[in-house]
1. Could you list, in sequence order, the residues of the range 115-139 that are surrounded by 17 or more Cβ atoms within 10 Å (Cβ to Cβ) and farther than 20 Å from Val185 by Cβ?
2. Could you list all residues from the range 26-42 that are at pLDDT 95 or above and either touching a Leu at 6+ places or on another chain (Cβ under 9 Å) or part of a loop (DSSP other than H, G, I, E, B) (or both)?
3. What number goes with the only condition from (1) without any contact (Cβ under 8 Å) to a residue 12 or more places away in the chain; (2) closer than 26 Å to Glu119 by Cβ that Pro175 does not pass?
4. Any residue that is more than 23 Å from Ile184 (Cα to Cα) and more than 20 Å from the chain's Cα centre (by Cα) - is there at least one of those in the range 73-92?
5. Determine if the range 26-33 includes at least one residue that is more than 14 Å from Leu163 (Cβ to Cβ), buried (at least 20 other Cβ atoms within 10 Å of the Cβ) and β-branched (Val, Ile, Thr).
Amino acid sequence: MSHTQTGSPILSVAGVTGGYGSGADILHGIDLTVGRHEIVGIVGPNGAGKSTALKAIFGLVQVRGGAIRFDDRDIAGWAPNRIVRCGIGYVPQVDNVFREMTVEENLEMGAFLRRSGVEAALQRIYTLFPDLVEKRRKPAGSLSGGQRQMVAFGRALMLDPQLLLLDEPTAGLSPRYCEQIFQIVRDVRAAGVAVLLVEQHAKQALSFCDRAYVLASGRNRAEGTGQGLLADREIAQMFLGG
């Protein structure tokens, strides 16, 4: 079942330009929205600015123009720790777990802002990721790539975000784990969290995203439902590898 956006979006990015430090802009006026219970994808060729778009939303790159509104507050230029507090979780593509710490310690790190309810939050994560229960005392670095990704997801979910930003969650994973990660993304949405994800496996991502944006050279090139973009032969040939 596809969830289309209803009511005002939880995230609205309008005309955002920006890049790293004093370097040239990588984003050239991008626009996107995410509804409250949507899975929205960002796809496109390498170097399109997809990961930079997520980092701009999360305060990790310089936003030099445009607006980023989350839950009706303009968060452009906010520091990441303030953005986390207002309800956005972010899972980077690489180095997203503390390898020497146990699985449970990693998850507890995600709860650093919680005053209470850490145990209940842990139980929710273990319910969502049953694979992690028997690994809870093992160092995160000893887990498979797919399981490490679950730890990273879980840590970001410990603060009950309303929106989860995922940067290439299936990078380097086996096809079996890719499908498992996509199922987890659906489960996260079913738990009431909106998801915005960047994905190299464009065709697989479009097959389960409610809507998606195609970026190229830091600009919007197309947008539509996941299924609609998949069915567009011209889009597929130009931006999705045929």
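1. Result: Leu122, Lys135.
2. If the condition is that a residue be at pLDDT 95 or above and either touching a Leu at 6+ places or on another chain (Cβ under 9 Å) or part of a loop (DSSP other than H, G, I, E, B) (or both), then Ile26, Leu27, Ile30, Leu32, Thr33, Val34, Gly35, Glu38, Ile39, Val40, Gly41, Ile42 are the ones that fit.
3. (2)
4. No, the conditions are met nowhere in the range 73-92.
5. So far as the range 26-33 goes, yes, one or more of its residues are more than 14 Å from Leu163 (Cβ to Cβ), buried (at least 20 other Cβ atoms within 10 Å of the Cβ) and β-branched (Val, Ile, Thr).
The rows are residues; the columns are (1) within 21 Å of Ala216 (Cβ to Cβ); (2) part of a helix (DSSP H, G or I); (3) out of contact with any helix residue (DSSP H, G or I) (no Cβ under 8 Å at 6 or more places or on another chain).
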| residue | (1), (2), (3) |
| --- | --- |
| Ser8 | no, no, yes |
| Gly15 | yes, no, yes |
| Gly21 | no, no, yes |
| Pro45 | yes, no, no |
| Ala53 | yes, yes, yes |
| Ala56 | yes, yes, yes |
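Matching residues to (1) among the aliphatic types (A, V, I, L, M); (2) part of a helix (DSSP H, G or I); (3) surrounded by fewer than 20 Cβ atoms within 10 Å (Cβ to Cβ):
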{"residue": "Leu107", "(1), (2), (3)": "yes, yes, no"}
{"residue": "Ala171", "(1), (2), (3)": "yes, no, yes"}
{"residue": "Tyr177", "(1), (2), (3)": "no, yes, yes"}
{"residue": "Val185", "(1), (2), (3)": "yes, yes, no"}
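Each row is one residue, and each column tells you yes or no for (1) out of contact with any His (no Cβ under 8 Å at 6 or more places or on another chain); (2) part of a helix (DSSP H, G or I); (3) modelled with pLDDT under 95.
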| site | (1), (2), (3) |
| --- | --- |
| Asn81 | yes, yes, yes |
| Asp95 | yes, no, yes |
| Glu100 | yes, no, no |
| Arg115 | yes, no, yes |
| Lys135 | yes, no, no |
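The values are calculated or read from the model by the stated rules, or taken from the named source; none is laboratory data. Every value quoted in this text rests on a predicted model; they were computed, and no experiment measured them. When we count neighbours, we look across all protein chains shown, and the Cβ atoms used for this are built from the backbone with ideal geometry, even at glycine.
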